[in-house]
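Colleague: There's a structure below that I have some questions on.
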Amino acid sequence: MSQINETAIRTPGVFTTEIPTLPPSVAQVSTAVPAFIGYTQIAINEIGDSLTNVPTKIFSLKEYEQYFGFAENEQGITVAVSITTDPVSGAVTSMSGQAAIASPSVHNMYYSLRHYFENGGGPCYIISVGPTTDPLDANELQDGLTALEAWDEPTLILFPEGQGLAENAYYGLIGQALDQCALLQDRFTFVDVHHSMPVNAAPNTTQTISNFRTQFARTTDLNYAAAYYPNLRTTFNFSFLNADVDVTITTDGVPAAAVALDTLQANQTAVFNLCLDRIRTQISPTLPPSPAMAGIYAKVDGSRGVWKAPANVSVNSIFDTTDFITDAEQGDMNIDPGSGKSVNAIRSFHGKGILVWGARTLDGNSNEWRYVSVRRLFIMVEESAKKATFQFVFEPNDANTWVKVRAMLENYLTLLWRQGALAGAKPEHAFFVKCGLGQTMTAQDILEGRLIVEIGMAAVRPAEFIIIRFMHKLQES
């Protein structure tokens, strides 16, 4: 029932009105809804319409398979089988095999989505820019990014196939994503440090990070992105056809001509099964860190809150990384006095597994926006407050409205403070909300229709360096 303007009543009778006594509230926006931009096997909805460059929300890997298909079958898989026989009886005494893949497909969207969900991911958006039969094209990925701009819900941007592009093309694409983040102020970008996939030569961490900072020349809006290194060796199985696998069998040191795997199934079952086992256990997709990190962001946001740094968290469904990072190497990754471009490490620790061991944005030298959790907390609060205050557009710009706005925002920030998102022994130590004539507005502001609110927050920051000091204490008794 709506409230009645009692002074406008002109007809005799009984009139009932409801008086609102509770202040309006702020509905908190979602914080970890990534948008995956790349190539898919198909892109068709349930009625047959094309989903190319149409941001599409999904909730599970099964739903991805329904609309976007599966992984592309790999080419170039080989298995070398070595058989030793008894020289007298001719019976097989031993058999071994080694699987290899020459050049995995750059189209890794299916594996990336699987990695995202297995690391705690939830709802996400897929922007398919073309079929996996096409080569990577930075312009097509740019078109997908442009299509994303009109959608309000996504809060994270990533290009799982980006490392397949040339460095300048990929980093140019990241620059465009940062432009979108800075314009809309409601999303954040992942950067996968560019290096070959998989890494064939021994990696040089220092050289790779130095090259990244040189090639990625962007210097503005760096607080809207975080970079991660190195790539991750997953426990997934490649998708392939038996007919596309070449098998070379060497018997007692004598090699035979290569044959297709499917031809062994009927009359050489033991060799066939050995080859399948070696393919499944010896080669697997190597993925950039961003899909797993998107899942970790979602998991940490859901269990602890966006203000908890997404670090000191294990990465699921991997057995190794493409580079082993030492403390000294991470020191240079974490802090760079020149460019300030911090790179977060994913490291292996004895007895603990493989952990995310960095929590900085690319703007690593900034006191305001150094940490991922601080930047994303402000994005969440800013977007939530913006949406909540829409209801006051065209309301009277007077003290009654100012009190409602201030109370609404103070209630929201008090709840965040109680959850541990803001630092301070008391709410007034953790935040302030100002709104009023002579405080945030002048008479001229009111004449020009401006209602100005100022919000200050003391965001909690991660304990990045824990220092324990030891000293000798003299005996006292």
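Colleague: What is the residue count in region 38-89 for residues that are among the charged types (D, E, K, R) and over 23 Å from the mean Cα position of the chain (by Cα)?
Modeller: Looking only at that region, the number is 4.
Colleague: I'd like to know if region 76-89 contains one or more residues that are in contact (Cβ under 8 Å) with a residue 40 or more places away in the chain, over 30 Å from ALA257 (Cβ atoms) and not β-branched (Val, Ile, Thr).
Modeller: No; the residues of region 76-89 include none that is in contact (Cβ under 8 Å) with a residue 40 or more places away in the chain, over 30 Å from ALA257 (Cβ atoms) and not β-branched (Val, Ile, Thr).
Colleague: A follow-up question, please. From the list GLU395, GLU368, which residue is assigned to a loop (DSSP other than H, G, I, E, B) and either in contact (Cβ under 8 Å) with a residue 60 or more places away in the chain or in contact with a strand residue (DSSP E or B) (Cβ under 9 Å, 6 or more places away or on another chain) (or both)?
Modeller: Criteria check complete, one pass: GLU368.
Colleague: Being free of Cβ contacts under 8 Å to residues at least 40 places away in the same chain and either under 30 Å from LEU156 (Cα atoms) or in contact with a helix residue (DSSP H, G or I) (Cβ under 8 Å, 6 or more places away or on another chain) (or both) is the requirement here; does ALA423 meet it?
Modeller: Considered against the rule, which asks whether it is free of Cβ contacts under 8 Å to residues at least 40 places away in the same chain and either under 30 Å from LEU156 (Cα atoms) or in contact with a helix residue (DSSP H, G or I) (Cβ under 8 Å, 6 or more places away or on another chain) (or both), ALA423 comes out as yes.
Colleague: Here is a further query. Taking LEU451, is it under 20 Å from ALA385 (Cβ atoms), under 31 Å from the mean Cα position of the chain (by Cα) and of a type in the set (A, V, I, L, M, F, W, C)?
Modeller: Judged against the criteria, LEU451 is not a match.
Colleague: Of the numbered conditions (1) farther than 27 Å from THR361 by Cα; (2) exposed (fewer than 14 other Cβ atoms within 10 Å of the Cβ); (3) in contact with a Gly (Cβ under 9 Å, 6 or more places away or on another chain), LYS434 satisfies every one except a single condition; which is it?
Modeller: In the conditions (1) farther than 27 Å from THR361 by Cα; (2) exposed (fewer than 14 other Cβ atoms within 10 Å of the Cβ); (3) in contact with a Gly (Cβ under 9 Å, 6 or more places away or on another chain), LYS434 misses (2) alone.
Colleague: Residues that are within 21 Å of SER105 (Cβ to Cβ): find the strands (runs of 3 or more DSSP E) completely inside region 1-87 holding 3 or more of those.
Modeller: Answer list for region 1-87: 34-40, 77-85.
Colleague: Here is a further query. Residue by residue through region 68-100, note down the ones that are surrounded by fewer than 13 Cβ atoms within 10 Å (Cβ to Cβ) and of a type in the set (A, V, I, L, M, F, W, C).
Modeller: Correct list: VAL88, ALA91.
Colleague: Out of (1) within 36 Å of the chain's Cα centre (by Cα); (2) surrounded by fewer than 18 Cβ atoms within 10 Å (Cβ to Cβ), the odd one out for ASP398 is which?
Modeller: (1)
Colleague: Restricted to region 334-348, and to residues that are touching a Phe, Trp or Tyr at 6+ places or on another chain (Cβ under 8 Å) and hydrophobic (A, V, I, L, M, F, W, C), which residue is farthest from THR234 (Cα to Cα)?
Modeller: Looking at the filtered set, the residue picked out is VAL343.
Colleague: What are the residues in region 344-362 that are over 17 Å from the mean Cα position of the chain (by Cα) and in a loop (DSSP other than H, G, I, E, B), if any?
Modeller: Once the filter is applied, which keeps residues that are over 17 Å from the mean Cα position of the chain (by Cα) and in a loop (DSSP other than H, G, I, E, B), region 344-362 yields HIS350, GLY351, LYS352.
Colleague: Taking only region 406-448 into account, find how many residues are among the hydroxyl-bearing types (Ser, Thr, Tyr) and more than 21 Å from VAL393 (Cβ to Cβ). Can you show your working first?
Modeller: Of all residues in region 406-448, those among the hydroxyl-bearing types (Ser, Thr, Tyr) come to 412, 414, 440, 442.
From the residues that got through so far, the ones that are more than 21 Å from VAL393 (Cβ to Cβ) too are 414.
Residues meeting the conditions: 1.
Colleague: Now, a different point. Out of the residues in region 235-246 that are in a helix (DSSP H, G or I) and free of Cβ contacts under 8 Å to residues at least 60 places away in the same chain, which is surrounded by the most Cβ atoms within 10 Å (Cβ to Cβ)?
Modeller: ASN242
Colleague: Just one of the numbered conditions (1) crowded, with 17+ Cβ neighbours inside 10 Å; (2) over 16 Å from ALA226 (Cα atoms) is not true of TYR371; which one?
Modeller: Failed condition: (2).
Colleague: Right, another one. So, in region 77-120, how many residues would count as being out of contact with any strand residue (DSSP E or B) (no Cβ under 6 Å at 6 or more places or on another chain) and within 19 Å of LEU264 (Cα to Cα)?
Modeller: Residues meeting the conditions: 1.
Bear in mind these aren't lab numbers, they're just calculated from the coordinates by the rules spelled out. On a predicted model such as this, the values are computed, not experimentally measured, just so you know. Neighbour counts are summed over all protein chains in view; Cβ atoms, including those assigned to glycine, are modelled from backbone coordinates with ideal geometry.
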